[in-house]
1. How large is the charge dipole for segment 64-216, taken about the Cα centre, if only the Cβ atoms of Lys, Arg (+1) and Asp, Glu (-1) carry charge, to the nearest 20 debye?
2. Normalising by the residue count of the chain, find the relative contact order in percent from Cα pairs under 8 Å and 6+ residues apart.
3. For segment 108-136 and segment 7-82, what is the separation of their C-alpha centers, rounded to whole Å?
4. How high is the relative contact order of segment 108-216, given as a whole-number percent (alpha carbon pairs under 8 Å, six or more residues apart)?
5. Given the pairs Lys118/Lys183; Lys57/Lys175; Lys21/Lys141; Lys112/Lys141; Lys112/Lys175, which are separated by over 30 angstrom at their Cα positions?
6. Would you list the P(r) distribution for the chain, with all Cα-Cα distances sorted into 5 Å bins from 0 and each bin expressed as a whole %?
7. From the Cα gyration tensor of segment 123-194, with a ≥ b ≥ c the square roots of its eigenvalues, which class applies: rounded if a/c is under 1.5, or else prolate if a/b is larger than b/c, or else oblate?
8. Semi-axes of the equivalent ellipsoid of segment 18-120: what are they in whole Å, largest first, if each equals the square root of 5 times a C-alpha gyration tensor eigenvalue?
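No value in this document is a laboratory result; all are computed from the given coordinates. This one's a predicted model, so the numbers in the text were calculated from it and none came from an experiment. A quick note on method: Cβ atoms are made from the backbone with ideal geometry, for glycine too, and the neighbour counts reach across all protein chains shown.
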Amino acid sequence: MQMHFPEAEAPDPASAEQGRKLFAGPVDFLKGVVAMSGLPPADRLEVCFAGRSNVGKSTLINALTGRKALARASNTPGRTQEINYFTLGDSRYLVDLPGYGYANAPLDVVRKWQALLKQYLSGRQTLRRAFVLVDARHGIKPVDEEIMTLLDSSAVTFQCVLTKTDKISESAREKVLEQVRGKLAPHPAAYPELILTSSEKGSGIATLRSVIATLE
Ligand SMILES: Nc1nc2c(ncn2[C@@H]2O[C@H](COP(=O)(O)OP(=O)(O)OP(=O)(O)O)[C@@H](O)[C@H]2O)c(=O)[nH]1
Ligand SMILES: [Mg+2]
């Protein structure tokens with residue numbers, strides 16, 4: 001039987017090299033955006049990192065780019081409050097999104113972020129793939145499913161990336177994979193491979209680099 005949502009295979013040498021090269025080149029912070037009108041021109045392919053607050057979006061961008069403090073990461077949930085654009089060479093944008101599902105920020109602030117996040121995820125022409133990050137300790141939560149449903153309806157392909165895999169045991173990993181596969185199954189926009197990462201240990205980083213580098 002074919003396994004649904006298998007772990008992405010390690011990239012072939014040529015794709016791995018393409019990913020390595022792209023991410024070893026220039027990466028720069030472009031701007032923080034607080035309204036759709038502030039988005040940079042939609043003149044190149046972009047990928048974004050979405051996920052619950054504190055899941056490790058900013059840390060993953062830092063791991064991918066090998067720059068420790070490019071994206072501001074923090075132990076305090078709700079750290080990233082704008083849509084942060086980074087240029088990856090001159091062919092791609094990397095987009096760090098504010099986390100969702102963060103209950104402790106003032107309600108009006110949360111509403112503002114959520115509205116912007118939803119507008120962005122459903123209305124950006126050049127958004128080629130959304131990486132939906134899921135904490136390997138927690139699996140997919142109802143707020144993640146809400147975002148996935150939004151991505152389904154706007155026909156934006158999303159790929160699930162498990163984060164913090166260094167924090168779980170082998171058996172916990174099997175369990176969370178089963179949960180994740182079950183939750184992804186009903187989503188037509190879900191890309192059929194998972195990427196398991198640890199920004200701490202560096203696992204899955206080369207795979208994700210090559211996925212981003214080989215998108216067309
Ligand atoms: N052990 C471990 N910790 C991680 C990993 N990735 C992120 N963290 C930690 O998780 C915390 C949150 O990371 P961030 O990258 O700030 O999370 P975020 O998703 O950008 O959070 P918001 O901007 O608030 O939405 C930090 O303390 C990171 O050091 C990982 O792969 N392994
Ligand atoms: Mg962040």
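1. Values: 21 positive and 16 negative charges, 68 e Å.
So the dipole magnitude of segment 64-216 works out to roughly 320 debye.
2. 28 percent
3. A separation of 14 Å, based on Cα centres.
4. About 27 percent, as a whole number.
5. Lys21/Lys141; Lys112/Lys175
6. 1, 7, 16, 21, 22, 18, 11, 4, 1, 0
7. Verdict is prolate for segment 123-194.
8. Values: eigenvalues 113, 54, 18 Å².
Gyration-tensor ellipsoid for segment 18-120: 24, 16, 9 Å.
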